[in-house]
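Contents: one structure, followed by commentary.
Every number here is computed from the coordinates shown, using simple stated rules; none is lab data. Predicted, not measured: the structure shown is a model, and the values here were computed from it. As a convention, Cβ positions derive from the backbone with ideal geometry for all residues, glycine included, and neighbour counts pool all protein chains shown.
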Amino acid sequence: MRRLFPLTADPTSAPTARPTSAPTAAAPAGVPLLGAPDSDREWSLEEIAEAYGYPPLGPDEAWLRANMVSSLDGAAYHDGASQPLSGAADMRVFGVLRGLADAVVVGAQTVRQEGYRPARARDAFRARRKAAGQPIAPAIAVVSSGLELDFDTPLFTDPLVPTLVLTGAGAPPERLARARRAGAEVLLAGEGAAVDPARVPGLLAERGLRRQLTEGGPRLLGQFAAAGVLDELCLTVSPRVTSGHAARITDGPALEVPADFTLESLLEESGFLFTRYRKVRRSPE
């Protein structure tokens, strides 16, 4: 893996929480040039973790990061799943981002399509998580309006950390009761049947789950983007072309004005590009 941007003396520095303007990257003297003998090698999980650290957060702050993969021609999946677009380096980054998060937020359709299981406790992140006051594994938080979920799967029957279900107050009562009997913690994030995506980060933060990672799918990510609560996008660009009619990584309501993001970092391995973008938040005029 090699770093293409930024070329700085401290390539692992994290962004500041909710900044109002984009930083200017520079390449000070003494930084190895791209192509140096040690610039293209397999990074350790610790090095990747340092490169993707969350920004410092106050007690009432949350940071919602998305991690998605896209083909060269913009597809978010192939044959109904993201795995055909992925690769070994992408899966290492995927695992590290989970290892850093308090909660992994995912839509019900993605849970069904991808066969989601509970997050694992990994020795590589045990000390880091303990030092940060995190549980041994991130909680999986499923966003679902209709609660059409299989509550007999390991995601609900055998998690290391109780699975969360975010739904609306108007969700089917029998499905709400079934979720609770399965051991899920149910959070009401909307007054009607639908989930209000703008409420999701705050509800999770109230439970101490402030470092948030969403893995989509495209519909949920589109809702977060439209609600203005997406802080960061980690997008892997896969060196594969799929054609077909797969959705983009966001598949939600159009924004009235496109949201601006600034590039934080760009890594490359085996033709995969690992981009990290932070939303530009401007001070009210």
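With a Förster radius of 35 Å, plug the Cβ-Cβ distance of residue 186 and residue 241 into 1/(1 + (r/R0)^6) and report the FRET value to the nearest 0.05. In this case the efficiency is close to 0.25.
Taking a point 7 Å out from the Cα of residue 113 in the direction of its Cβ, the residues of segment 137-164 whose backbone N falls within less than 19 Å of it are 141-150. With axes computed from alpha carbons, what is the tilt in degrees of helix 88-100 against the longest principal axis of the chain, rounded to the nearest 10 within 0 to 90? Relative to the chain, helix 88-100 is tipped by roughly 60 degrees. Here the simple spin-label model places points 7 Å from the Cα toward Cβ, and for residue 177 and residue 126 these points are separated by 4.2 nm.
For the chain, the share of DSSP beta bridges that are antiparallel, to the nearest 5, is 40%. Going through (i) 46, 22, 14; (ii) 27, 21, 18; (iii) 31, 20, 20, the figure that equals semi-axes √(5λ) of the Cα gyration tensor in Å as computed for the structure here is (iii). Here the label points at residue 256 and residue 273, each 7 Å from Cα along the C-beta direction, are separated by 3.2 nm in the simple model.
Under the rule a/c < 1.5 gives rounded, and otherwise a/b versus b/c splits prolate from oblate, where does segment 47-186 land using the Cα gyration tensor? Verdict is oblate for segment 47-186.
Going by neighbour counts of Cβ atoms within 10 Å, the residues 78, 245 line up, fewest first, as 245, 78.
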